[in-house]
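The values are calculated or read from the model by the stated rules, or taken from the named source; none is laboratory data. Fair warning: this is a prediction, and the values are worked out from it, not measured in the lab. For neighbour counting, all protein chains shown are included, and Cβ atoms are generated from backbone atoms with ideal geometry for every residue, glycine included.
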Amino acid sequence: MESALPAAGFLYWLGAGTVAYLALRVSCSLFTAFWLWVVGNEAGVSLELGEWAVVTGSTDGIGKSYAEELAKRGMKVVLVSRSQDKLNQVSSEIREQFKVETRTIAVDFSSEDIYDKIKTGLAGLEIGVLVNNVGMSYEYPEYFLEIPDLDNVIKKLININILSVCKMTQLVLPGMVERSKGVILNISSASGMSPVPLLTIYSATKAFVDFFSRCLHEEYRSKGIFVQSVLPYYVATKMSKIRKPTLGKPSPSTFVKSALKTVGLKSRTCGYLVHALMASFTLALPSWIYFKIAMNMNKAVRAHFLKKNKKN
């Protein structure tokens with residue numbers, strides 16, 4: 001009987017210690033979540049970084065919202081996108097609404113010979129923020145070998161989703177390093193966190209953006225540069241073909257306001273609380289379950305698109 005008492009005491013303190021540890025972990029997680037998603041870091045992006053912000057793919061969706069939010073903070077904005085007409089329209093809207101200077105550079109990021117023109121357009125500017133947002137996905141989920149015009153799609157996805165991030169960073173980063181401050185926001189995708197079958201090339205290119213961003217952040221954070229990988233789930237944009245925002249599929253404006261609060265706090269973020277919860281659930285799934293769900297979902301989308309296209 002006496003020998004059982006020390007054992008019982010040990011088990012009691014082991015259990016109490018475990019409960020205390022778990023309670024501390026939960027408390028820390030809740031505090032971190034509150035600080036990140038409620039309080040945020042409004043000062044993470046400001047004029048102190050530099051006069052100008054550069055945003056690629058800036059005439060629609062997430063890119064346009066980043067340009068507007070940065071202009072709201074007093075930054076002058078360089079809009080870089082394909083259509084000069086759309087650039088002129090967005091440029092005019094931003095100037096009128098936020099009373100800041102804007103510039104436009106019209107280039108097609110599917111081409112490789114555009115970066116001398118961009119370099120000339122950025123010459124002499126004190127660039128504090130670069131948003132590498134321009135991107136391209138599939139028209140619909142498809143098996144790799146059955147992608148229409150596969151050679152061209154491979155080239156476009158690599159040039160737009162990968163080459164643009166590397167080359168724009170190469171152009172802007174030296175000035176940031178020279179001034180020992182700057183922020184680079186690379187828009188990846190939740191498709192870059194886990195492989196997505198039937199979106200194979202897109203998913204792989206977004207994984208590159210994520211890895212590139214994380215490596216670059218480690219290389220240059222000691223020099224005052226903050227590089228963030230942004231990995232959203234669906235946002236109500238033209239590219240996602242979602243017209244009506246919901247809680248899980250926010251408007252670009254809602255998403256960007258949330259994501260900007262995480263700058264300086266998290267170098268890798270889903271940018272939006274609901275998306276962060278979705279990512280936690282997805283990453284907790286066994287890989288075979290995740291692949292089964294992803295494959296079946298994209299097969300259903302593919303079938304719906306092909307059926308609808310066949311009728312037309």
* Considering only region 95-113, how many residues are of a type in the set (F, W, Y) and part of a helix (DSSP H, G or I)? -> 1
* To do: Being modelled with pLDDT under 95 and polar (S, T, N, Q) is the filter; apply it to region 221-261 and report the residue that is surrounded by the most Cβ atoms within 10 Å (Cβ to Cβ).
  => T237
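Which of the residues that make up region 101-135 are free of Cβ contacts under 8 Å to residues at least 60 places away in the same chain and under 30 Å from K307 (Cα atoms)? So that I can check it myself, show each step before the final result.
Step one: list which residues in region 101-135 are free of Cβ contacts under 8 Å to residues at least 60 places away in the same chain, which gives 101-121, 123-124.
Listed by number, the list holds a single entry, S110.
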* Consider L265 against the criteria (1) on the phi < 0 side of the Ramachandran plot; (2) of a type outside the set (F, W, Y); (3) touching a strand residue (DSSP E or B) at 6+ places or on another chain (Cβ under 6 Å): it satisfies all of them except one. Which criterion is unmet? -> (3)
* How many residues does region 213-240 hold that are of a type in the set (V, I, T), touching a Lys or Arg at 6+ places or on another chain (Cβ under 8 Å) and under 22 Å from H275 (Cα atoms)? -> 2
* Which numbered condition trips up T237, out of (1) in contact (Cβ under 8 Å) with a residue 24 or more places away in the chain; (2) under 15 Å from the mean Cα position of the chain (by Cα); (3) not in a loop (DSSP other than H, G, I, E, B)? -> (3)
* Could you tell me which numbered condition K86 fails, if it satisfies all but one of (1) free of Cβ contacts under 8 Å to residues at least 60 places away in the same chain; (2) of a type outside the set (G, A, S); (3) under 24 Å from F255 (Cα atoms); (4) buried (at least 18 other Cβ atoms within 10 Å of the Cβ)? => (4)
* Selection from region 70-80 of residues that are under 22 Å from T254 (Cβ atoms) and either surrounded by fewer than 22 Cβ atoms within 10 Å (Cβ to Cβ) or out of contact with any Lys or Arg (no Cβ under 8 Å at 6 or more places or on another chain) (or both) -> L70, A71, K72, R73, G74, M75
* To do: Six or more apart or on different chains, Cβ under 9 Å: which pairs go from a residue in region 272-289 that's in contact (Cβ under 8 Å) with a residue 12 or more places away in the chain to one that's part of a loop (DSSP other than H, G, I, E, B) and surrounded by fewer than 15 Cβ atoms within 10 Å (Cβ to Cβ)? Could you list them?
  => V274/L247; V274/G248; H275/G248; M278/G248
* Give region 267-278 a look and list any residue that's of a type outside the set (S, T, N, Q) and surrounded by fewer than 19 Cβ atoms within 10 Å (Cβ to Cβ), or say none. => R268, L273, V274, L277, M278
* Taking region 80-102, which residues are under 13 Å from L125 (Cβ atoms) and touching a Ser or Thr at 6+ places or on another chain (Cβ under 7 Å)? -> V80, T102
* If I147 satisfies every condition in (1) in contact with a strand residue (DSSP E or B) (Cβ under 6 Å, 6 or more places away or on another chain); (2) without any contact (Cβ under 8 Å) to a residue 60 or more places away in the chain but one, which is the exception? -> (1)
* Structure fact -> Per the list (1) at pLDDT below 75; (2) surrounded by fewer than 10 Cβ atoms within 10 Å (Cβ to Cβ); (3) assigned to a helix (DSSP H, G or I), residue check on E48 breaks on (1)
* Taking region 114-137 on its own, how many of its residues are surrounded by 18 or more Cβ atoms within 10 Å (Cβ to Cβ) and in a loop (DSSP other than H, G, I, E, B)? -> 6
